Amino acid sequence: MPAHKTSAWPLAWVYLGLIVYASLYPFTFWRDQGIEPWWFLAAPLPKYWTGFDVVANVLGYMPLGFFLALSALRTGREHYALPFAVLAALLLSLVLETLQVYLPGRVPSNLDLLLNVLGGALGAGSAWSLERLGVLQRWSRFRAQWFVEDARGGLVLLVLWPLALLFPAVVPFGLGQVMERLEVVLAELLVNSPLIEWLPMRELELQPMLPAVEWSSVFLGLLIPCLLGFCIIRSKLKRVWLLVWVLFLGVMVTALSSALSFGPEYAWVWLSTPVKAALVCVLVVSAALMGVPRRASAALAVLALGVDLSLINQTPISPYFEQTLFSWEQGHFIRFHGLAQWLGWLWPFAALVYVLSLLWGKEVKN
């Protein structure tokens with residue numbers, strides 16, 4: 001199979017970052033216990049374990065094995081796909097389990113290591129099986145028909161967008177709110193330092209969103225992934241399907257996030273009048289922009305991202321909402337929610353870098 005660019009490789013890096021975050025959180029209170037860092041390799045298998053631990057360790061490494069094997073298969077390295085993915089899962093798990101020796105509250109385990117490698121092997125085997133069944137070839141044909149040749153970055157961002165919506169936002173689809181937390185972190189880092197005087201301070205406190213501003217933020221938050229998709233899809237008809245999927249996934253994932261935050265009975269509490277109006281306007285405006293060239297779509301995406309990030313980062317976090325974030329961050333599944341949190345913070349900035357690269361790079365073909 002001829003080698004070509006694949007979205008699997010950047011997705012593998014993103015998922016690798018998730019595993020590192022999940023395994024080493026909270027990255028604080030490192031200590032040396034005076035024992036060999038690899039003691040767990042020769043230790044007896046743990047006597048006490050739960051079904052959740054087994055499933056989590058296996059499933060946690062399956063996507064990594066899948067993406068690594070898929071990247072090898074898609075780039076013409078079929079013979080190395082399975083051993084490469086399994087060896088990478090083994091080395092990564094070995095390094096992270098070893099580092100857990102120095103973290104309080106984390107217990108390295110040879111059983112975890114074995115389950116992680118098993119998960120990586122199952123993921124790699126899934127990719128290999130899909131290749132043999134011809135599923136990957138059909139995906140390649142589908143991608144060639146739907147997307148432009150250099151669509152890899154845009155596809156990765158579109159795949160990550162629903163995951164970014166899982167973490168609660170002050171306003172629906174309001175990703176990228178980092179200013180208030182960044183100010184707090186910088187102030188804590190610079191306390192008792194002469195540099196604290198250089199930290200810019202606001203003269204006025206951030207004000208709650210007005211309904212018109214809320215409408216604008218929701219509208220732009222949904223319009224941005226549509227414009228991002230228009231940057232990598234040529235056909236007007238196929239852009240219609242993208243619009244439908246963006247609206248459907250955006251609404252359903254936001255409802256899921258609300259249900260996880262407040263309870264299933266509050267899944268639709270976020271669907272206020274301004275939000276409903278924004279959904280209708282996104283549908284109308286996106287339909288009107290179906291025929292916009294790729295470069296123009298990228299330019300509009302830059303404008304939308306700039307305005308949206310400005311609005312979102314001038315909005316305060318209410319005490320009630322802050323308590324909601326706290327419950328997510330300290331919950332039983334913190335290590336997985338942490339991924340959604342970082343995606344929610346960083347996704348708009350990654351999208352901004354991507355669309356700017358389209359404008360500053362070589363001429364975009366429509």
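Checking the conditions here, which among TRP328, TRP342 is modelled with pLDDT of 75 or more, within 17 Å of the chain's Cα centre (by Cα) and outside the structural domain of LEU18 (by TED's automatic domain parsing)?
Values: TRP328 fails: modelled with pLDDT of 75 or more.
None of the others qualify; the one that does is TRP342.
Check segment 62-74 and report whether any residue there is touching a helix residue (DSSP H, G or I) at 6+ places or on another chain (Cβ under 8 Å), surrounded by fewer than 19 Cβ atoms within 10 Å (Cβ to Cβ) and either over 14 Å from SER23 (Cα atoms) or in the same structural domain as PHE27 (by TED's automatic domain parsing) (or both). No. For segment 107-158, the tally of residues that are crowded, with 18+ Cβ neighbours inside 10 Å, within 22 Å of the chain's Cα centre (by Cα) and not in a helix (DSSP H, G or I) stands at 2.
A count restricted to segment 103-149 and to residues that are among the acidic types (Asp, Glu) and more than 26 Å from HIS79 (Cα to Cα) stands at 1. Annotation note: Cβ proximity below 8 Å between a residue of segment 121-142 that is within 9 Å of ALA85 (Cβ to Cβ) and a residue that is crowded, with 20+ Cβ neighbours inside 10 Å and β-branched (Val, Ile, Thr) (sequence gap 6+ or interchain) occurs for ALA121/VAL86; ALA124/VAL86. Select from segment 159-183 the residues that are crowded, with 22+ Cβ neighbours inside 10 Å and more than 25 Å from LEU271 (Cα to Cα) and list them in ascending order. Within segment 159-183, none qualify. Only one entry in THR28, THR98, THR6 is over 25 Å from GLU149 (Cα atoms) and in a loop (DSSP other than H, G, I, E, B), namely THR28.
The values are calculated or read from the model by the stated rules, or taken from the named source; none is laboratory data. Note that the structure is predicted; figures quoted are calculated from it, not measured. Using ideal geometry, Cβ is built from the backbone for each residue, glycine included, and neighbour counts are taken over all protein chains shown.
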